[in-house]
2 protein chains.
Amino acid sequence: MKIGVLGTGMVGNTIATKLVELGHDVKMGARSADNEKATNWAKEAGSNASNGTFADAASFGELVFVCTSGLGTMPALESTGTALDGKVVIDISNPLDFSKGMPPTLFVSNDDSLGEQVQRRFPNAKVVKSLNTINCNLMVDASRVPGEHTVFVSGNDAQAKKQVESILREWFGHKHIVDLGDISTARGTESYLHLWLRLWGALGTPDFNVHVVRAPAT
Amino acid sequence: MKIGVLGTGMVGNTIATKLVELGHDVKMGARSADNEKATNWAKEAGSNASNGTFADAASFGELVFVCTSGLGTMPALESTGTALDGKVVIDISNPLDFSKGMPPTLFVSNDDSLGEQVQRRFPNAKVVKSLNTINCNLMVDASRVPGEHTVFVSGNDAQAKKQVESILREWFGHKHIVDLGDISTARGTESYLHLWLRLWGALGTPDFNVHVVRAPAT
């Protein structure tokens, strides 16, 4: 499958590398076509890997992963024109603001979310917020944390969410997926970052997740 | 043990009733000494149960549970004078604002929390934020949800947190407790409410929790 990955940081790199390993044709998008990180990645990742601008990667992909830093998400997407129209866009980015020191705050929260902002700006894209609640190594290999644990999907398009659930399950090994509802439920997973950050501090490792467990139906 | 429970809603009622069942002397606090809900509760709950004002309950308790609605927390505590000084105060309240419709937003979040506000206002109290991530029935009976699942403590006083951990374990049956750190980590558990609310919607029951699972230490 032809897949665009927007973002050259740890998340973009990890996702793009895994997708190439799975046999997909992957184009990594960056601000410029000669971005050093993206160029180096494409060189090392093999013949199925290429790189270009955000617009190039968005046009290339039948499916697009948004792996930009939160503050970079809207600027990156703005440059893609209509390339996302009709496509499933998996938004992994979190609205983290590091400008006020650590731990970061969220630059959109409470009554809105970055996922919603993306969907509003690109109404013809099928935005699915997912994977933003776990570390990138765990995103692409659920078995790093033993047993069952949960990832979430939020989005307005039921079929797009089903496709993303299959990807999470079959490509990345996630066993327990909860469909939270429409894209406004991205507020839930983005706000969870506050707890995730503190858990990282308390546990001393980013290799953790939560498993949602419920009482048996009565 | 003499325990004050501030709040007459579902959370206060559930906590206070469980504490009486465990053999403790419990005074439920309300805005007025003749509050109907608190008076009725005290009548029904038995000879170890009594009621009074918020100040009465705060003075009575060697230990105090804050079970007010979020918007009611600071007004309730303001009326207690110096009664909380030196005491362990378990703050269960969440800063939920229902005034803008459902789902609620948080009236303090992101770079502050209600737990921190309480601790700042009452610097001589040993505030421990806990139990605010689960439904009240589950708070007092962890076995409602099978297997292991996690509750959190946040607070500045290590000994107070240890005492609260014992209470969670021995009185309420919680098996897995994570100490997130100082009271500022209450931002994590209070922000998690956004996810909790959406999970409630998706699962169709409030009888659920998350279990924090991590990779084995390497």
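Quick test for you: out of B:Asn132, B:Asn156, pick the one residue that is buried (at least 19 other Cβ atoms within 10 Å of the Cβ) and at pLDDT 95 or above. Before you say what the answer is, go through the steps one by one.
Numbers: B:Asn156 fails: buried (at least 19 other Cβ atoms within 10 Å of the Cβ).
Checking each option against the conditions leaves just B:Asn132.
Would you confirm whether any residue within segment A:188-202 is within 26 Å of A:Asn124 (Cα to Cα) and of a type in the set (S, T, N, Q)? Within segment A:188-202, one or more residues are within 26 Å of A:Asn124 (Cα to Cα) and of a type in the set (S, T, N, Q). Within segment A:23-47, the set of residues being closer than 17 Å to A:Ala83 by Cα and buried (at least 19 other Cβ atoms within 10 Å of the Cβ) comprises A:Val26, A:Lys27, A:Met28, A:Gly29, A:Ala30. Tallying residues that are of a type in the set (Val, Ile, Thr) and surrounded by fewer than 20 Cβ atoms within 10 Å (Cβ to Cβ) within segment B:77-94 yields 1.
The values are calculated or read from the model by the stated rules, or taken from the named source; none is laboratory data. On a predicted model such as this, the values are computed, not experimentally measured, just so you know. All Cβ positions, glycine included, derive from the backbone under ideal geometry; neighbour counts span all protein chains shown.
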